[in-house]
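Scroll down for the structure; my scribbles are underneath it.
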Amino acid sequence: MKTRQVLHYLFVCAAVLYSASVAASQYADYSHRPLSEMLEVYSGFKANFQAGSNYNVGAAAALMANIGEKGGREVLPFLEEESLDPEMSKRTRSAAAKAYIKIADVGESVNLMRKLYDDRSFGDSQYYYVNIFFLQKVKSEEKSLTDEVKSDICTHLLA
């Protein structure tokens with residue numbers, strides 16, 4: 001009888017742990033969710049972070065990257081706002097900036113990079129990370145850039 005009870009107990013524990021892991025990973029894969037739902041989940045992460053909890057910083061950064069993947073130019077104002085929000089975590093802000101650069105053209109990206117450079121709360125290491133991504137985009141689109149945009153990039157980098 002004891003062996004049967006122990007096996008039943010182990011089975012119940014395994015089922016509970018599996019259910020908990022499924023519930024915990026419910027928002028781990030955002031790629032199949034609609035953009036509106038991702039924005040709603042992000043607003044919850046943002047509210048938690050502003051309330052003092054940094055528990056979901058990694059999930060918020062991953063969600064931000066997925067918003068950039070799923071959204072088009074219509075999410076650029078949102079991504080710019082989140083990348084410049086000094087109350088958000090630097091990791092989430094850099095994910096938003098990277099998503100912005102991925103979607104925007106190089107000229108728009110230069111303007112965001114200027115704002116991030118002037119924003120001392122963004123942090124040098126985060127700026128460096130985003131700047132590398134920006135320079136990769138510049139290099140990939142080098143042949144299609146106008147002289148004006150090239151001049152803006154040089155002016156920004158020299159500043």
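The values are calculated or read from the model by the stated rules, or taken from the named source; none is laboratory data. It should be emphasised that the depicted structure is a prediction, and the values quoted were computed from it without experimental measurement. Here the Cβ positions follow ideal geometry from the backbone for every residue, glycine too, while neighbour counts run over all protein chains shown. We work out accessible area using only protein heavy atoms, side chains counted, and drop any ligands, DNA or RNA first. Shrake-Rupley method; radii C 1.70, N 1.55, O 1.52, S 1.80 Å.
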> Do we find that GLY123 is touching a helix residue (DSSP H, G or I) at 6+ places or on another chain (Cβ under 8 Å), at positive phi and not acidic (Asp, Glu) in this structure?
Replying inline: yes
> Residues in the range 95-120 that are over 14 Å from LEU76 (Cα atoms) and of a type in the set (Gly, Ala, Ser): how many?
Replying inline: 0
> Restricting to helices (runs of 4 or more DSSP H) lying wholly in the range 42-159: which have 2 or more residues that are open to solvent by 30 Å² or more (accessible area, probe 1.4 Å), under 18 Å from TYR30 (Cα atoms) and at pLDDT below 90?
Replying inline: 57-70
